[in-house]
Amino acid sequence: MSPWAMGAFALLPFLSLLCVLWLAFSVQLPTVWSWSWVPALGVSLDFRLDGLSLLMLLMITGVGTAVFVYAGGYLAGHPQQRRLFVLLTLFMIAMIGCVTADNLIVLFLFWEMTSLTSFMLVGFNHEEPGSRKSAQQALLVTGTGGLALLAGFIVLGLAMDTLSVSAIVARLPDLEPTPALTTALALILVGAFTKSAQFPFHFWLPNAMSAPTPVSAYLHSATMVKLGVYLLARLDPGFGEWALWEWALKLAGSITAAWGMVLALRERDLKRILAWSTVATLGTLVMLVGLRGESASVAVGALLLAHALYKAPLFFVAGNIDHGTGTRVIDRLGNLRHAMPWTAAAALIAAVSMAGMPMSFGYIAKDAILSAKEAEHVLVFVRVANTIFGAIAVAVAAVAAVRVFWRHPGNNITPEAHEGGVSLVVPPLVLALIGLVLGVFPFFVQDLIAQAAVAMTAGSQAVVVGLALDLGPALLSVGVTLGTGFLVYAFWDPLHRQFERIAVRVDPVGMATQYERALKGIPQLAAASTRWIQHGRLPGYGVVLLGFVALVTAWLLVLIWPSLDWPGWEPVSAGFVGACLLIIAGSVLSLFQADRLVLLLCTGLVGFGSAVFFLYAGAPDVAFTQFVVESVFVIVVASVLLKLRLRGLGQGLSGESWRPLAAAVSVVLGGVLALVLLVASAVPFDTSLSDFFAQQSVPAAFGRNVVNVILVDFRALDTLGEITVVMLSLLAAWPLLAAVRAQMRSAPLSAEEPVKGRQA
């Protein structure tokens, strides 16, 4: 790929960043753009820019610019580099659409676009089985959550009678929880939790580290995995006061924050260590969204920005180490600062922010988090989870910056380590330095965080944010966290060995193992259900189908039973009674026949009884047609059965075990349909359609037989379609009939077969 093409691709996010900055200074927030799209369904292309979406856009385009520049150097000479840039561009467009969409359906479309593009990005090295498996896992988990999210959006839109996100958020605080809204809430939580890797869906994100480093840095620091957090923060002003929403976010976020950091201790791959710390940060963000008050919203905005500014550089650092040494296993790395000084500097600056040390924006975010927890007296469990997160975050930062670059493990096997080019060094340095500058001068983003907090706070018109490098309240907490974190770092290897021993017992019940079992169980379940449903026995299919119809119809009758009208009793003629008895006799006798010929004759009684019924009902033409058709059918089929019997085929029915069940289903279905007919007969007959056909039969169709006119003229296309279906069925059955004829000709009659046939 030529340098000009790479420069053109890198210009896309940079120009987008300039456009976002221009909007930030030139428009009054919030700003809405709308275009009609599918008005019949209430779907319009609504886009809304407020403080929260502006913050996300700055991260998407700002970190995106660094990622595009970095990808140009990281994959220099790669034959599929152009494909990576195209996928990254599509992913960036999808993210921009997600954070600005103000219509639930439009938001979902962009949401799924991020899932599909991330699937292709994670599986970029598709020739490697591990990459394909990781991409499949990410797509299955987030895609399943996406289906739940779609269901939640539909239920929410129907319950609120609008698909506008801003309108829904504005109206929800005034509504009481209903079953529909509660269902929508639960489904939306599932969709957001899968996207942001919250417990119990946390396992997919570290496995996605098989993607190239530019992809990991973009998806897992500033964009995709924060999309679930963004959705929760967007809907929090509406659902925030609901107990289910609040406690689900607090508990899931706290468990994810603590467990994610603990699982980081198990890893030896630097990218996977950073990935688990990302999971923990996402848990902290979700927990903060669940807290009430303006201070919690400020903490969410600050941590969103701080995490992007230190985690993207650290992923770049891991990529540089892999690029310069050929490995990311921390046991094989050490003392790399001499060979990779610029990467070491970027790692050190970013690690300072990740550890929450003074003079970094990570410290500002930590101060905001402490203020949020003090404003709301959180549970002890939440405080413990946050303490674990903070301490191990310090240890992870030390591993990424100190152990790899400043400590010699004694078994360094990377003597050929070398620094990357300018495009590999500048992006992590720039992002890390921005985090350092904002730590010293946080007022640069003070208004941005305030506007984001307004968007995340119910009913708020303004939020006062005083970001400043105050070494007072947070300093003691930072000191305790740093001390605990460095203690964890010092005992990293013993803790790793201990967790490996524990993992042997935990893994069999872990979510990753359950996912693998579920994946293996899908084909087994499919095979079992196919054997049970597609068993090849036609009577069984009939029982299932008709039984389902009977149960559903009976259930509907029960629901409307109090409002049903029943017809009065009227005397019936002996002909009606005789017809009904004939039909019943044929039906009952059919249940006990194992011989196909006798069964045919019994079912013929049903047809003849129906003809008698039509005759006494005043439809002689239909009755005569029924008599003719039934007679011809019985004669033809009986002739075929006798011929097959002479050839030794079709000795009897199989599957007699279904017959009692068939009898029960038949009785239930017959009773239910009888009730339906009684209810229908009690409804006053609407003669408008009959009057129309009677009036138009002669002048419009020149026919006095109304039935014939309806079939031939008014429903001509319908009749033509029925004839066509019959003709196509005959053509489809013609080869089968030819094969049966050929088989019959190839099997010569023996002297005994006619005798057997006559005896039968």
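Listed by chain and number, the lysines whose C-alpha is less than 27 Å from the C-alpha of residue 643, apart from same-chain residues fewer than 8 away, are 756. For the range 580-601, backbone nitrogen atoms closer than 20 Å to the point 7 Å from residue 707 Cα along Cα-to-C-beta are found at 580, 583. May I ask you to derive the FRET efficiency for residue 161 and residue 663 from their Cβ-Cβ distance with R0 = 56 Å, giving the value to the nearest 0.05? Between residue 161 and residue 663 the formula returns 0.70. Rg and Dmax over the alpha-carbon atoms of the range 143-254 stand at 14.9, 47 Å.
Throw me the Rg/Rh for the range 171-219, computed over C-alpha atoms with Kirkwood Rh, two decimals. Across the range 171-219, the Cα-based Rg/Rh ratio is 1.23.
Over the range 575-729, the pair-distance histogram of Cα-Cα distances with 5 Å bins from zero comes to 1, 8, 10, 13, 16, 17, 15, 9, 6, 3, 2, 0 percent, rounded to whole numbers. The residues 307, 338, sorted by heavy-atom accessible surface at 1.4 Å with ligands and nucleic acids left out, run 338, 307 from largest to smallest.
If eta is 0.692 mPa s and T is 37 °C, what Stokes-Einstein diffusion coefficient results for the range 559-621, Kirkwood Rh from Cα pairs, in µm²/s? Answer, rounded: 241 µm²/s.
Max-minus-min Cα coordinates of the range 78-172 on each principal axis give 51, 23, 13 Å, with the largest extent listed first. Within the accessible area of the range 94-168, the carbon and sulfur atoms contribute 70%, probe 1.4 Å, all protein chains present.
Kirkwood radius and radius of gyration were both taken over the C-alpha atoms of the range 505-634, and their ratio Rg/Rh is 1.25. Net charge of the neighbourhood of residue 269, taken over other residues with C-beta under 12 Å away and scored Lys/Arg +1, Asp/Glu -1, is +3. Taking all protein chains as shown and a probe of 1.4 angstrom, residue 268 keeps an accessible surface of around 40 Å². Taking the protein heavy atoms of the range 314-367 in the context of the full set of protein chains, the accessible area attributed to carbon and sulfur is 59 percent at 1.4 Å. Counting every alpha-carbon pair across the range 14-57, the share separated by more than 14 Å comes to 56%. Neighbours of residue 323, meaning other residues whose beta-carbon lies under 13 angstrom from its beta-carbon, give a summed charge of -1 when Lys and Arg score +1 and Asp and Glu score -1. Diffusion coefficient of the range 24-115 by Stokes-Einstein, Kirkwood radius over Cα pairs, 10 °C, 1.306 mPa s: 108 µm²/s.
Just tell me the longest site-free run in the chain, where the sites are chymotrypsin sites (Phe, Trp or Tyr not before Pro) in a DSSP loop having at most 14 other beta-carbon atoms within 10 Å. Result, exposed sites excluded: 1-490. Sorting 127, 516 by accessible area puts them as 127, 516; the probe is 1.4 Å, largest comes first, and only protein heavy atoms count. Approximating the spin labels as points 7 Å out from Cα along Cα→Cβ, the residue 78-to-residue 638 distance works out to 7.8 nm. Taken per residue, the accessible surface of the range 187-231 reaches 11 Å², heavy atoms only and a 1.4 Å probe. Sorting the segments 293-303, 660-670 by their residues' average number of neighbouring beta-carbon atoms within 10 angstrom, most packed first, yields 293-303, 660-670.
Ignoring lysines fewer than eight residues from residue 520 along the same chain, the ones with Cα atoms less than 27 angstrom from its Cα are 133, 195. The accessible surface of the range 510-644, taken with every protein chain in place and a 1.4 Å probe, is 77 percent carbon and sulfur. Rounded to the nearest 500, the 222 nm mean residue ellipticity of the chain from helices alone is -24500 deg cm²/dmol, with -39,500 (n - 2.57) taken per DSSP H run of at least 4 residues. Summarising the amide proton neighbourhood of residue 101: residues at separation of 5 or more, or on other chains, whose placed amide H is nearer than 5 Å comprise 48. Among 133, 520, the order of accessible area from largest down is 520, 133, computed with a 1.4 Å probe on protein heavy atoms.
Averaged over its residues, the range 318-380 has an accessible area of 36 Å² per residue, based on protein heavy atoms and a 1.4 Å probe.
Reducing the range 95-143 and the range 236-309 to their Cα centroids gives an inter-centroid distance of 21 Å.
With viscosity set to 1.002 mPa s and temperature to 20 °C, compute the Stokes-Einstein D of the chain, Rh being the Kirkwood radius across alpha carbon pairs; µm²/s, no decimals. The estimated diffusion coefficient comes to 68 µm²/s. The angle separating the long axis of helix 538-560 from the principal Cα axis of greatest extent in the chain is about 80 degrees.
Straight-distance candidates among the aspartates and glutamates for linking to residue 311, with alpha-carbon spacing under 16 Å and chain neighbours fewer than 8 residues away dropped: 269. Counting only the Cα atoms, the range 4-162 fills a convex hull of 127 Å³ per residue.
The values are calculated or read from the model by the stated rules, or taken from the named source; none is laboratory data. The model shown is predicted, which means the values in this text are computed figures rather than measured ones. All Cβ positions, glycine included, derive from the backbone under ideal geometry; neighbour counts span all protein chains shown. Only protein heavy atoms, including side chains, enter the accessible area calculation; ligands, DNA and RNA are left aside. Shrake-Rupley method; radii C 1.70, N 1.55, O 1.52, S 1.80 Å.
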